[in-house]
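Enquirer: Can you keep this structure in mind? I'll have questions shortly.
The values are calculated or read from the model by the stated rules, or taken from the named source; none is laboratory data. These figures come from a predicted structure and were not determined experimentally. As a convention, Cβ positions derive from the backbone with ideal geometry for all residues, glycine included, and neighbour counts pool all protein chains shown.
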Amino acid sequence: MKYVLTLIGNKTTPLASAHVEAARSALPAPGETVWLAEAHACDIPFDGDPAKAEAAARGALGDATLDISAQPAEGRRKKLLVADMDSTIIEQECIDELAAELGLKPQISEITERAMRGEIGFEPALRERVGLLKGLGVASLEKVYRERITEMPGGRALTATMRAHGATCALVSGGFTFFTARVAKAVGFDVNQANELLFENDTLTGLVQEPILGKQAKLDALLALRAQHGLEKHETLAVGDGANDLAMIEEAGLGVAYHAKPVVAQAAGARIDHGDLTALLYLQGYRREEISG
């Protein structure tokens, strides 16, 4: 069997035998089902075109809120993870939460949403939003991190498991180093990269250090880390939700759109619409008993 279809349930929709049988009926010459986690995740080996097989399985499962992905059976476990931060590893957009401290969240979050959907350029949108934050003190940034930022479920298990199996985990964000440094340490990333906010007397100047880390910089980070660790393309995994993540998602061996904007979900090789971040482990063929944390 050259390919595998992975079905993944979630807290609201357990993976039932009926789901598995419906998916199997849509696959060309399916092999024996392999359960990765009882009532939660399984693999179904098959031969044939993976894109057509995944589409057929989605059709067979109808409106079931499950995650479904078809990929080559070989080389599933990756040695490099490159992850976006905002709305991927954490549940918020940091810049929107900073805006809330100034009563500007509706105004700034609208710009954020348009940038993440790819409707406007990321770099000018970031400059505009940071400019609106001028005068915000460093104490407010500390408060936002402490009181408003929450981790996406499954993030610590994702990094702990991959690192335990020899992978490198990198947090590469279009957000800010003030937050990525803290989130990377808490969640378990080896390295982090992001934009640097500029301060004067512990107050935001309204400027960000140039050049801005955007779509191209994320791709460059993936390529640099891949070269640094002597890896092939198929050994890499990239995950994100916004338009500025698309280049790295498309370049990775396994590119995952995570609870993503439509433009990203449509272009990515794999998508997780319902599950938490442990779904990325099941996509790699890990069994529940192998997952750390």
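Enquirer: What pairs come out if I take residues in the range 14-42 that are surrounded by fewer than 20 Cβ atoms within 10 Å (Cβ to Cβ) and pair them with residues that are aromatic (Phe, Trp, Tyr) and in a helix (DSSP H, G or I) whose C-beta lies under 9 Å away, six or more apart or interchain?
Expert: ALA37/TYR282
Enquirer: Filtering the range 178-189 down to residues that are over 16 Å from the mean Cα position of the chain (by Cα) and surrounded by fewer than 23 Cβ atoms within 10 Å (Cβ to Cβ), which residue is nearest to GLN209 (Cα to Cα)? Quick ask: steps written out before the conclusion?
Expert: Here is the first cut: in the range 178-189, the ones over 16 Å from the mean Cα position of the chain (by Cα) are 178-179, 181-182, 185-186.
Pick out the ones that are also surrounded by fewer than 23 Cβ atoms within 10 Å (Cβ to Cβ) and you get 178, 181-182, 185-186.
Values: PHE178: 13, ALA181: 16, ARG182: 19, LYS185: 23, ALA186: 25 Å.
This residue is PHE178.
Enquirer: Same structure, new question: With respect to the numbered conditions (1) under 14 Å from the mean Cα position of the chain (by Cα); (2) crowded, with 21+ Cβ neighbours inside 10 Å, which one is the sole condition not fulfilled by ALA194?
Expert: Going through (1) under 14 Å from the mean Cα position of the chain (by Cα); (2) crowded, with 21+ Cβ neighbours inside 10 Å one by one, ALA194 breaks only (1).
Enquirer: For the range 135-155, give me each residue that is surrounded by fewer than 14 Cβ atoms within 10 Å (Cβ to Cβ), in contact (Cβ under 8 Å) with a residue 60 or more places away in the chain and within 15 Å of LEU204 (Cα to Cα).
Expert: Correct list: GLY135, ALA139.
Enquirer: Still on this model: Within the range 226-240, does at least one residue satisfy the condition of being surrounded by 20 or more Cβ atoms within 10 Å (Cβ to Cβ), within 17 Å of the chain's Cα centre (by Cα) and outside any strand (DSSP E or B)?
Expert: No, the range 226-240 has no match at all.
Enquirer: So, one more: For the range 105-122, give me the residue count where each residue is in a loop (DSSP other than H, G, I, E, B) and either in contact with a Pro (Cβ under 9 Å, 6 or more places away or on another chain) or surrounded by 17 or more Cβ atoms within 10 Å (Cβ to Cβ) (or both). Can you show your working first?
Expert: Looking only at the range 105-122, we keep the residues that are in a loop (DSSP other than H, G, I, E, B), and these are 117-121.
Those left that are additionally either in contact with a Pro (Cβ under 9 Å, 6 or more places away or on another chain) or surrounded by 17 or more Cβ atoms within 10 Å (Cβ to Cβ) (or both): 117-118.
Here the count works out to 2.
Enquirer: When you scan the range 149-160, do you find a residue that is over 26 Å from VAL264 (Cα atoms), part of a helix (DSSP H, G or I) and at pLDDT 95 or above, even just one?
Expert: Quick first cut of the range 149-160, residues over 26 Å from VAL264 (Cα atoms) only: 160.
Adding the requirement that they be part of a helix (DSSP H, G or I) leaves 160.
Keeping just the survivors that are at pLDDT 95 or above gives 160.
Yes: one or more hits.
Enquirer: Could you tell me which numbered condition LEU66 fails, if it satisfies all but one of (1) surrounded by 14 or more Cβ atoms within 10 Å (Cβ to Cβ); (2) touching a residue at least 40 places away in the same chain (Cβ under 8 Å); (3) over 25 Å from the mean Cα position of the chain (by Cα)?
Expert: Evaluating LEU66 over (1) surrounded by 14 or more Cβ atoms within 10 Å (Cβ to Cβ); (2) touching a residue at least 40 places away in the same chain (Cβ under 8 Å); (3) over 25 Å from the mean Cα position of the chain (by Cα) leaves (3) as the failure.
Enquirer: In addition: From the list PRO124, PRO30, which residue is over 22 Å from GLY255 (Cβ atoms) and in contact with a helix residue (DSSP H, G or I) (Cβ under 6 Å, 6 or more places away or on another chain)?
Expert: Numbers: PRO124 fails: in contact with a helix residue (DSSP H, G or I) (Cβ under 6 Å, 6 or more places away or on another chain).
Selected residue: PRO30, the only one of PRO124, PRO30 that is over 22 Å from GLY255 (Cβ atoms) and in contact with a helix residue (DSSP H, G or I) (Cβ under 6 Å, 6 or more places away or on another chain).
Enquirer: Can you find, within the range 183-215, the residue that is nearest to HIS165 (Cα to Cα) among those that are touching a residue at least 12 places away in the same chain (Cβ under 8 Å) and part of a helix (DSSP H, G or I)?
Expert: Taking the candidates together, the pick is VAL187.
Enquirer: Additional query: Counting only residues that are under 21 Å from the mean Cα position of the chain (by Cα) and under 16 Å from PRO72 (Cα atoms), how many does the range 5-41 have?
Expert: Looking only at that region, the number is 3.
Enquirer: What's the total number of residues in the range 19-60 that are in a helix (DSSP H, G or I) and among the β-branched types (Val, Ile, Thr)? Outline the logic, then answer.
Expert: Just the residues of the range 19-60 that are in a helix (DSSP H, G or I), to begin with: 19-26, 50-60.
Those still in the list that are among the β-branched types (Val, Ile, Thr) too: 20.
Total meeting the criteria: 1.
Enquirer: Name the residue that is farthest from the chain's Cα centre (by Cα), counting only residues in the range 93-104 that are outside any loop (DSSP other than H, G, I, E, B) and either among the aromatic types (Phe, Trp, Tyr) or farther than 15 Å from ALA125 by Cα (or both). Before you say what the answer is, go through the steps one by one.
Expert: Here is the first cut: in the range 93-104, the ones outside any loop (DSSP other than H, G, I, E, B) are 94-100.
Filter once more, so that each one left must be either among the aromatic types (Phe, Trp, Tyr) or farther than 15 Å from ALA125 by Cα (or both): 97-98, 100.
Numbers: GLU97: 20, LEU98: 22, ALA100: 24 Å.
Here the answer is ALA100.
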